[in-house]
Amino acid sequence: MTTETVSQPAPVPITIKELNTDNPRWCAGCGDFGIIMGLKRFIVERQLAPAQTVNVSGIGCSGRAPNYFNTYGVHSIHGRPIPIALGVALARPDLNLFVHAGDGDTLSIGGNHLIHGINKNFKCVFLMYDNEVYALTKNQTSPTTRRDHPTNTQPQGTFLNPINPITVVLGLGASFVASTADWIPDHLTNTIKAAFDHPGFAFVHISQRCPHFDPNNFDHKNSNWFSFLKNANGIEPDRRLVGKAEVIEHDPSDLAQAFQLGADDRRYFGLFYQNKNKPRYDDILHNLVTKAVKKDPSKILDSFLI
Amino acid sequence: MSLEKRPVTRFELLMDAGTGAQKAGDILLGAFVGMGQYVYVEPMIPAEISPPARSRPALSGVIIRLADFDVTNIGNDTDLILAAHEIVLDRRLDDNEFNTNAQILLDMGDQEANPESYEMVLKRCTKLGISVIPFDVDPESRVIVKELGGKGQNLYYLGMLAYIYNMDEEIVQKEITKTFGKKLKEDIMAKNLTLYHNGYRLAKEKVFFRVEVQSHKRPVEQILIDGNTSMSMGLIDAGIKLFSGYPITPASSIMHTLAKNFPAYGGVVHQAEDEIAAIGTAVGSYYAGMPAVTVTSGPGLSLKQEFIGFATVAEIPLILIDVQRSGPSTGMPTKTEQSDLMAALCGSHGDYTKVIISVSNVIDCFYAPHLARYLTEKLRVPVFILSDFQTANSYKVVTKFQLVQMKDNVDTIPDFVFERFHMKRLTATVEMVRTQQTLPGTEGGMRRITGLNTDENGKVNYFADNHQRSHAVRNEKIHHVRRALGAPEMFGADTNEVLIVGWGSTRGAIEEAIYLCKKNGVPASGMHFRIVYPLPLMLKEIFAKYKKVMTVEVAYGDMLKPSPLALLLRAETLVDIHPLIAEATGRPVRPRIIMKKIQEVLK
């Protein structure tokens, strides 16, 4: 098995069309369409070679995403895309790595991997598809379902307050925390761009509509219920919504304010926090190998000689 | 003084945990192998770090079987026990693993404070008919041990054993300085050496026998190595580049060994956040083309099961090492067992396909990774290597292994590796569920893999015929191995009254039991599997040559519930196979007990 496959950059310009595979098997109006389109636009804009790009996902509606990119992809098992992505990062640090995970993948079954993926800070773009419901299994309460919202498992109304993804990952020490939404394409693509350029584990929270099970959750026709975070070191507010949505100044190096904004009932889209100097586990492991004094593999048993 | 001549002898040193019994064992071992002796060593390790001293769970010790020739197992019974106090001795007597003429050297140091307890244990010894030689650590040494904060008693005992086993006082001293040399300050080292010499002198004055141990010159280059270390070195030699694991007894020492050694050979050790993450990262690495292994023990195997099924369906190579321990659940973490066979065979849901290799000694431990890598890359199915506590921790003297130094192409693996595991090289083309199996980074080969069923183009497919085809293709991969398997290793006559069958670590005991049977006119033969799944096609024909086929397993079974191997063999051959020994006591099987049970069956 070859471990050092070297590939050339794609000779012809990559277009959206070339990145498409089958027609996605998602419901009409599903926010996932917007998310994969946002990522495809970014791939085209950057001309990332499809052969050098790997999408890794978990299970659920979002889990299907890699199947709809003509790149390399792993549609894995529920909650486990982070460990797989780490394996890819360790084996092939040269590849472009995108992790696609739903709210269940991220904060329920895969919660432990989120803790450690963030702590390891290995290089990848982590896209959290947050539709605030388990959809593919048909409308059950998820870790981010709003309180009192009825589902098939808690028909009386969801019992508990939702877990707040932003404050959780800030608390875990994430080196890049941004938030965007499936229906603001420019902002989404710009957010992915910033995340891709971040040297480490870039956590991108994406508010995602689920028109089938929770059509009234995100009022995407109005912009009065959210604000954009703006800063010279941040992400530009969505062009189409300037003047419609509130824009506030936030310095992404200000962790305390990031926590405050993240904990607010109002939704903010933009870059909450970034720290480019956090140590990277993948770098550390690779350096261990490159800096190790090489030993002669024909002598591995010599120290056991009697 | 009598000098007893014994071609093979077994002794043990029993102490409280944390007082250095393992260390003393290591030093003795070094000295014995330096004399050209062969050893088989079994450490007795408590599951806790510091259980209360002078308690039964505190027993920590080492059993050493010593011979002028290659010994393949820990043997039958102990000839000599040196016990630090009456409680560890009492605990060990429970295991009923001593000769009736065994000699017990019992340190009486704790007697004054515990007269009744000592009396009770001494009475027990009298009742059992074994002789006890009581001794007291001399006053000077007691003061030194006190000065050392209770440490150093192990070196005193080491001195006694060095004398009893007729070893050169200076050679053992050299072994001590080699072991502790850099770690101990000069004055502390000097005190330890005084304890060693005082122990030697005490035995000389108070113990009235010695066991002759001869020095031999080694004919070939030999090494002393334990199973987990051998497996670690085998992983390096097999070209594995990523180790992904989570700490678990008794697998952890593979991670420790590789953490020290792997980077110098271009390998990465990843300590994952949990067992599931550990296998996930191994899968991710192999998917991206870097050979990887995940290593665990029983509870970890349970946790990894979903990923095993995923690797099967996604056709990603995967090597999983399970160093078995006593289960179910947490069981007995530092005791041996062979009861994970069914978890490897049937643990993941659905009809997943796999190959299960087992190891019977340190040599198998070294080469199993090579074969596992060959099979998993050829077939793209998970390959298990089942080891166990006993094999993992037993030291053995063996001829230095021939290295393979596997690179990218697994086809370069030499024939002798296949021969060791009684199979032939795979020659036929292996069909995959997906025609294309490109690695990420390969231009024009972009593809998506999934745990969903797919057609040959890798497209998700829920149609009846297609799913049936996927099963057939995956199972055909295993049939390739089935057809490549030769007859397993046999011991004794090829037709007989009884055939005993085992796998993995019972090999040595089976081999020696059949040798004993032959010597004693007991009509029994033996069979041993290194590859436990799939099984070779000619088994039924072999079994037909024996009146009774019975298994020997370190796993539970009884007349109503066949033990794992018996169950598998019954299912595959329709032969009425029962366990001869199906014991999950945490102790390895003993050759003489095997023979005794065969004799009972033949009555």
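Summing +1 for each Lys or Arg and -1 for each Asp or Glu among the other residues whose beta-carbon sits under 12 angstrom from that of B:T179 gives +3. Taking a point 7 Å out from the Cα of B:E140 in the direction of its Cβ, the residues of region B:195-221 whose backbone N falls within less than 16 Å of it are B:195-206. To the nearest 0.05, how large is the calculated FRET efficiency for A:N152 and A:K276 if R₀ is 35 Å and r is the Cβ-Cβ distance? The computed FRET efficiency comes out at 0.20. Just to be sure I understand: of the beta bridges DSSP finds with both ends in region A:28-304, what percent are antiparallel, rounded to 5? Bridges in region A:28-304 that DSSP calls antiparallel: roughly 15 percent. Spin-label model, A:D22 to B:S50: label points 7 Å out along the Cα-to-beta-carbon direction sit 6.1 nm apart.
Taking the centroid of alpha carbons for each part, region A:110-167 and region B:226-291 are 32 Å apart. The alpha-carbon of A:K276 sits under 16 angstrom from the alpha-carbons of these aspartates and glutamates, leaving out residues fewer than 8 places away in its chain: A:D197, A:D251, A:D254. For A:R267, the residues whose modelled amide H falls within less than 5 Å of its own, excluding neighbours fewer than 5 places apart on the same chain, are A:S227. Excluding same-chain neighbours fewer than eight residues apart, the lysines reachable from A:K295 by a Cα-Cα span under 19 Å are B:K241, B:K260, B:K400, B:K407.
Rounded to the nearest 10 degrees, the inclination of helix B:275-287 to the longest alpha-carbon principal axis of chain B is 50 degrees.
Report the convex hull volume per residue for region B:489-602, counting only C-alpha atoms, in Å³.
91 Å³
Pairwise Cα distances in region B:206-361 exceed 19 Å in 58 percent of cases. Computed 3J(HN,Hα) for region B:123-136, one whole-Hz value per residue from the Karplus formula 6.51 cos²θ - 1.76 cosθ + 1.60 where θ = phi - 60°, is 5, 4, 5, 4, 4, 7, x, 9, 8, 10, 9, x, 8, 10, glycine and proline marked x. When the inverse distances between all different Cα atoms of the protein assembly as shown are averaged and flipped, the Kirkwood radius reads 30.4 angstrom.
Let me know the volume per residue of the alpha-carbon convex hull for region B:437-553, in Å³.
154 Å³
Label-to-label distance, A:I248 versus B:D95, with points set 7 angstrom from Cα along the beta-carbon direction: 6.8 nm. Using a cutoff of 8 angstrom between alpha carbon atoms and counting only pairs six or more residues apart, the relative contact order for chain A works out to 16 percent.
The mean number of partner chain beta-carbon atoms within 10 angstrom of a residue's beta-carbon across peptide B:259-265 is 5. Taking amide hydrogens as placed 1.01 Å from N in the peptide plane, the amide H of B:M423 sits under 5 Å from those of B:G486, each at least 5 positions away in sequence or on another chain. Put simply, the amide H of B:F98, placed in the peptide plane, has neighbours under 5 Å in B:T78, leaving out anything fewer than 5 places away on its chain.
Applying 1/(1 + (r/R0)^6) with R0 = 60 Å to the Cβ-Cβ distance of B:F69 and A:I163, what FRET efficiency is obtained, to the nearest 0.05?
The formula returns an efficiency of 0.40 here.
Just to confirm the number: angle between the C-alpha axis of helix A:31-46 and the first principal axis of chain A, 0 to 90 degrees, nearest 10? Between helix and principal axis, roughly 50 degrees. Compactness check for chain B: Cα Rg over 2.2 N^0.38 Å is 1.03. Listed by chain and number, the lysines whose C-alpha is less than 23 Å from the C-alpha of B:K191, apart from same-chain residues fewer than 8 away, are B:K23, B:K146, B:K151, B:K174, B:K178, B:K182, B:K183, B:K204, B:K206. Remark: region B:394-505 projects, on average over all directions, an area of 12.6 nm² (convex hull of Cα atoms). When every Cα-Cα distance of region B:2-212 is counted in 5 angstrom steps from zero, the calculated P(r) takes the values 1, 7, 16, 21, 22, 18, 10, 4, 1, 0 percent. Stretching B:T179 away from B:T126 to a fully extended chain increases their span by 15.3 nm, per 0.36 nm per residue minus the current alpha-carbon distance.
Just to confirm the number: angle between the C-alpha axis of helix B:21-34 and the first principal axis of chain B, 0 to 90 degrees, nearest 10? Once rounded, one gets 90 degrees.
Phi angles of region B:192-197 translate, via the Karplus equation with coefficients 6.51, -1.76, 1.60 and θ = phi - 60°, into HN-Hα couplings of 4, 5, 4, 4, 4, 5 Hz per residue; Gly and Pro are given as x.
Per the Debye calculation on region B:232-314 with a single equal scatterer at every Cα and no solvent contribution, log₁₀ I(q)/I(0) for q = 0.12, 0.20, 0.22, 0.25 Å⁻¹ amounts to -0.30, -0.85, -1.01, -1.24.
Between B:D408 and B:D465, residue separation times 0.36 nm minus the direct Cα-Cα distance comes to 16.9 nm. What's log10 of I(q)/I(0) for chain A at q = 0.11, 0.15 Å⁻¹, Debye sum over Cα points only, no solvent? With no solvent term, the Cα-only Debye profile gives -0.66, -1.20. Entry note, chain B: relative contact order of 12 percent, from Cα contacts under 8 Å with a spacing of 6+ residues. For region A:293-306, 3J(HN,Hα) computed residue by residue from phi via the Karplus equation (6.51, -1.76, 1.60; θ = phi - 60°) reads 6, 5, 10, 6, x, 7, 10, 5, 9, 4, 6, 9, 4, 8 Hz, glycine and proline entered as x.
Summing charges over all other residues whose Cβ lies under 14 Å from the Cβ of B:A264, with Lys and Arg as +1 and Asp and Glu as -1, gives +3. The label point for B:N114 and the one for B:L602, both projected 7 Å from the Cα toward the Cβ, are 4.4 nm apart. For region A:201-221 and region B:7-70, write down the distance between their C-alpha centroids in whole Å. Centre-to-centre distance over Cα atoms comes out at 63 Å.
Other chains near B:268-276: what is the mean number of their Cβ atoms within 10 Å of each residue's Cβ?
Other-chain Cβ atoms within 10 Å of each residue's Cβ, averaged: 5.
Inter-chain neighbour count for B:428-439: the average number of beta-carbon atoms from partner chains within 10 Å of each residue's beta-carbon is 1.
Each value in this text was obtained by applying a stated rule to the coordinates, not by laboratory testing. Given the structure is predicted, the values throughout are model-derived calculations rather than measurements. Cβ sites come from the backbone with ideal geometry, for glycine too, and all protein chains shown count toward neighbours.
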